[in-house]
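Have a look at the structure below before the remarks.
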Amino acid sequence: MEKKKKRLVLRTVILAVLALAIGYTVYGTATKEKVELVAVGSEAPDFTLVDLNGEKHKLSDYKGQGVFLNFWGTWCKPCEKEMPAMDRQYQIFKDQGVQTLAVNIAQTDFEVQNFVDRYKLSFPVVIDKTKSVMTAYNVGQLPATVLIDPEGKVAKIITGEMTDANIASYMELVKPK
């Protein structure tokens, strides 16, 4: 009889926890603030982040240039695959008015620096320690890339892994005329 009582109490507790979790999720979804989505044609939200050398990068400082804004993480396999391709295209387009800026999502300087060193990346890499830029751009899955034209408007939003050819055509898209 004692075993049945313990089992009943345990089941009741589990059921109560599940009910609370479901209730919290429904409440959170229903009362969640509407986030203004970054859309093609909209003004790109400005931000300032610091790179691994301690230099500040403010998006609005790149006005007049195209910006290839890539969100990534060291643990993300597609990010890892596309980074060398991004660096190759950066070498081609940096003197044509296209800036590459890689925004790491809240990892340590040590993790990011090891990754940058391993792949010998030459473009600026900044860390969004508070995830405020990720939130402002409404980035969900990684990798995500936002192409910003020389006027500071979002030209295209890409999610998922890119090839050398994709990256080249995207950089061509935002290259100043």
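The values are calculated or read from the model by the stated rules, or taken from the named source; none is laboratory data. Just so it is clear, the model here is predicted, and its values are computed rather than measured. So basically every Cβ, Gly included, is an ideal-geometry build from the backbone, and we count neighbours across all protein chains shown. All accessible areas refer to the heavy atoms of the entire protein, side chains included, with ligands and DNA or RNA removed. Shrake-Rupley method; radii C 1.70, N 1.55, O 1.52, S 1.80 Å.
A few points about this structure:
- Residues that are surrounded by 15 or more Cβ atoms within 10 Å (Cβ to Cβ) and either under 15 Å from VAL126 (Cα atoms) or in contact (Cβ under 8 Å) with a residue 40 or more places away in the chain (or both), drawn from region 74-86: THR74, CYS76, PRO78, CYS79, GLU82, MET83, ALA85, MET86
- Scanning region 70-89 for residues that are in contact with a helix residue (DSSP H, G or I) (Cβ under 8 Å, 6 or more places away or on another chain) and outside any helix (DSSP H, G or I) yields ASN70, PHE71, TRP72, GLY73, THR74.
- When residues of region 37-77 are limited to those that are under 16 Å from the mean Cα position of the chain (by Cα) and β-branched (Val, Ile, Thr), the one modelled with the lowest pLDDT: VAL38
- Condition check for PHE71: of a type in the set (A, V, I, L, M, F, W, C) and surrounded by 12 or more Cβ atoms within 10 Å (Cβ to Cβ): yes
- Condition met for PHE93 (farther than 19 Å from LEU49 by Cβ and surrounded by 15 or more Cβ atoms within 10 Å (Cβ to Cβ)): yes
- Within region 119-148, considering residues that are open to solvent by 10 Å² or more (accessible area, probe 1.4 Å) and among the polar types (S, T, N, Q), the one farthest from the chain's Cα centre (by Cα): SER122
- In region 98-109, the residues that are modelled with pLDDT of 95 or more and open to solvent by 20 Å² or more (accessible area, probe 1.4 Å): GLN99
- In region 43-66, the residues that are in contact (Cβ under 8 Å) with a residue 60 or more places away in the chain and not assigned by the TED database to the domain that holds TYR137 never reach a residue that is open to solvent by 70 Å² or more (accessible area, probe 1.4 Å) and β-branched (Val, Ile, Thr) with C-beta atoms less than 9 angstrom apart, at least six apart or across chains.
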